[in-house]
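Here's the structure we're looking at; comments come further down.
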Amino acid sequence: MSGERGWFGRLRERLSRTSRALGARLGALVRRRRVDDELLEELEEALILADMGVETATRLTERLRRERFGREVEERELRETLAGWITEILARVERPLTVDPTRRPHVILVVGVNGTGKTTTIGKLAHRFAAEGPRPVLAACDTFRAAAVEQLVAWGERVGAPVVTGRPGADAAGLAYEALQRARREGADVLLIDTAGRLHNKKALMDELAKIRRVLKKLDPEAPHDTLLVLDATTGQNAHAQVATFRELVEVTGLVVTKLDGTAKGGVVVALAERFGLPVHFVGVGEGVEDLRPFRAGAFARALLDLDAPAEAPAS
Amino acid sequence: MFEGLTQRLTGVLDRLRRRGALSERDVEEALREIRVALLEADVALPVVKDFVRDVRARAVGQEVLRSVTPAQMVVKIVHDRLVELLGGRNEDLRLGAPPAVVLMTGLQGSGKTTTTAKLARHLEKRARKRVLVASLDTRRPAAREQLATLARQAGVESLAIVPGEDALAIARRALERARRAGFDVLILDTAGRLHVDEELMAELAAVRDLVRPAETLLVADALTGQDAVQVARTFDERIGITGVVLTRLDGDARGGAALSVRAVTGRPIKFVGVGEKLEDLQPFHPERMASRILDMGDVVTLVERAAETLEKEEAERLARRMARGRFDLEDLRKQLDQVRRLGGMSGILAQLPGIARLRKQIDASRLDEKLIVRQCAIIDSMTPEERRHPEIIHASRKRRIAAGSGTTVQEVNRLLKQHREMQKMLKRVKKAGGLGKLLGAAGMPPGLPPGVRPH
């Protein structure tokens, strides 16, 4: 529990910068006020500012209208209510990423638009696995971006994981095949595959990802066992398009949300949960290797609304 | 680019356009939808609110609703406001005395390194500058190697990498090298940083004080959500930016950030990144961008404006004459004149992106402007009598007209034949009673004779 609290504290501290603005906004507008049109509109705006999207924001405020219209509310009560609702939405997607030790290796394909932090996420995941037990192997299948390979190699050295690399422009699928062979040979528990994120060239990307999956299946019909889509929290409603696009290309099994340590609110996660229901496995809350944390619905919702630690973990 | 926003906006505006008269409530409803469309495209909320307020003030005000074409007026207001929002006109880099330093800043993953290489290439190739690039990013693994690789691809020199140097030391060495070797421009790539990271922002400020950049560019990702405002504002306050490079405007970005950043910082967007290749960097043109965002809507506006330039009364008079089946060469002359004016428009239209469908229509209508000019000349060389009664034009008159207009007898014949066919067709149409339908067809302005096919 203490680990959990520590994690929460950290996320909250990070997110509090984030949500201070939102919190202040809510605070300013709610302090013992009647729930009326004006209040609801201001509230809807605050939620939109958190990147929750018009639809989700409207639905939440409409619910507030139905259930609270005309009543006198207090700031705290309103936030608690909202956090509760958001937690309900997010609880469905709070699912840990589990590595099946019998697979040897459990193959994880990591996809996403460039710049969202795929390579960094893989580095942090590798660190996490290595610390918990499963031995990772990394595959640098982003052969497109200059120095993507070097970046992954640097991570490999940092966490002590072997990295399978090829020449710039090398065939990504061939490399993935080679990596899976090597991971098997070395008896690794997890294989993490980095891919290029060329969203602007959908056809090329689609072909490349499809081919990677095809060759992996030659060795292991069930691979990849997980396909993680890495999303940048600063991304707004475009995250919808990213999820939709990548789901078209590959069977995305879960999300990782990075860069929650800025002022970005990451509220789009709520909208994504409603629309796609894809599990959210991890959130990135900082640059350190320890800063990739399991996603927690309650903590996320409460931190988003600038509330204290979750009720289930009361301060003692 | 901008597909989502474009579709939403055009949808709203098209619906508006289909109406004749507009009430204040129609406008309100359209504005509500525009608000949602902008927000879903990640345009910053304060910017959206200003935008909607301004458009409302201009649209609901005085003449607009009472004008002949209120919907068009509203579309025009939205377009104009978009252009304003995007910054009015293109602004180039202001480099000053060499070596001019360009400092690239931004969050992680916004595309700074790639943009640095693209910009270097652009300046070398387009502006004929000698450019040196250097990466001050000592944090991300292999960041400096990435820039070196990209610079090599771009055919631009990059500063040799000395392991263990800190950002300030690299900056100092880069500046020294640029001075000694007589480079025109030094572009410094920096580590991506969060605007809330005090330590790194202080480092960036120190670099700025050391190199005194001519330009400090914020590299911003077009996919950014509501946070774009916060980021841009903080970078501007802490470091003082002189311009913005917007990356990833290809992809399926709805590009809201493009609309927000300028409005929030007051700093111009100078370039946009539109692809993965090194040449995919373009100077930013607000007007073009606004047109792209409104896509068809804007093209339609242009066509409508063209229709407006055809004097309404004239068109109506012609329509009446045609409806009675009367249509002499005098009328044809006026028609041709209008077609020519439209033809001028077709040139403009053809240059706008995303109008493949319309372009086909334009091609199909075969508006050969030169031919129309010649036909006008032919008619101009006729006497008023001839224009009103073309049947009196025989061999010698034809020769005189051809000589007078610098054309040939064959061309005169062709024109006369065309006119006869048009008259025949008009009579048929009149019988069928379908003139109105024909006149309103396929975006053709009223009064354009159905038979105008110069080839």
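Per-structure values
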{"quantity": "Computed E for B:Gln410/B:Arg326 - FRET, C-beta separation, R0 41 angstrom, nearest 0.05", "calculated": "0.90"}
{"quantity": "Spin-label pair B:Glu385/B:Asp209, simplified geometry with 7 Å Cα→Cβ offset, distance in nm", "calculated": "9.3 nm"}
{"quantity": "Sequence ranges B:396-409, A:97-110, A:255-268, ranked by mean other-Cβ count within 10 angstrom, highest first", "calculated": "A:255-268, A:97-110, B:396-409"}
{"quantity": "Peptide-level mean, for B:229-235, of C-beta atoms on other protein chains within 10 Å", "calculated": "2"}
{"quantity": "Inter-label distance for A:Glu62 and A:Glu248, nm, one decimal - labels placed 7 Å from Cα along Cα-to-Cβ", "calculated": "2.7 nm"}
{"quantity": "Listed pairs A:Lys118/B:Lys112; B:Lys112/B:Lys270; A:Lys118/A:Lys218 exceeding 20 Å between Cα atoms", "calculated": "A:Lys118/A:Lys218"}
{"quantity": "Distance in nm between pseudo-label sites at B:Val60 and B:Arg15 (7 Å out along the Cβ direction from Cα)", "calculated": "1.9 nm"}
{"quantity": "Sorted peptide list for A:166-177, B:103-114, B:131-142, B:177-188, criterion being average Cβ within 10 angstrom, highest first", "calculated": "B:103-114, B:131-142, B:177-188, A:166-177"}
{"quantity": "Length released on extending from B:Lys370 to B:Lys427, taking residue separation times 0.36 nm less the Cα-Cα span", "calculated": "17.6 nm"}
{"quantity": "Per-residue mean of C-beta atoms belonging to partner chains within 10 Å, peptide A:182-191", "calculated": "0"}
{"quantity": "Helix-derived mean residue ellipticity, 222 nm - over chain A, DSSP H n ≥ 4, -39500 (n - 2.57), to 500", "calculated": "-16500 deg cm²/dmol"}
{"quantity": "Per-peptide average of other Cβ atoms within 10 Å, ordering B:154-162, A:269-277, A:111-119 highest first", "calculated": "A:111-119, A:269-277, B:154-162"}
{"quantity": "Inter-chain Cβ neighbour average for residues A:237-249, partner chain, 10 Å", "calculated": "4"}
{"quantity": "Rg and Dmax [Cα atoms of chain A; Å; Rg one decimal, Dmax integer]", "calculated": "20.9, 68"}
{"quantity": "Using a Förster distance of 60 Å, the FRET efficiency for A:Glu80-B:Ala160 (Cβ separation, nearest 0.05)", "calculated": "0.55"}
{"quantity": "R0 of 51 Å, Cβ-Cβ distance A:Ala204-B:Arg173: FRET efficiency to nearest 0.05", "calculated": "0.85"}
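Read the figures in this text as sums done on the coordinates, not as results from a lab. None of the values given here were measured: they were computed from a predicted structure. Reconstructed Cβ throughout: ideal geometry from the backbone, glycine too, with neighbour counts over all protein chains shown.
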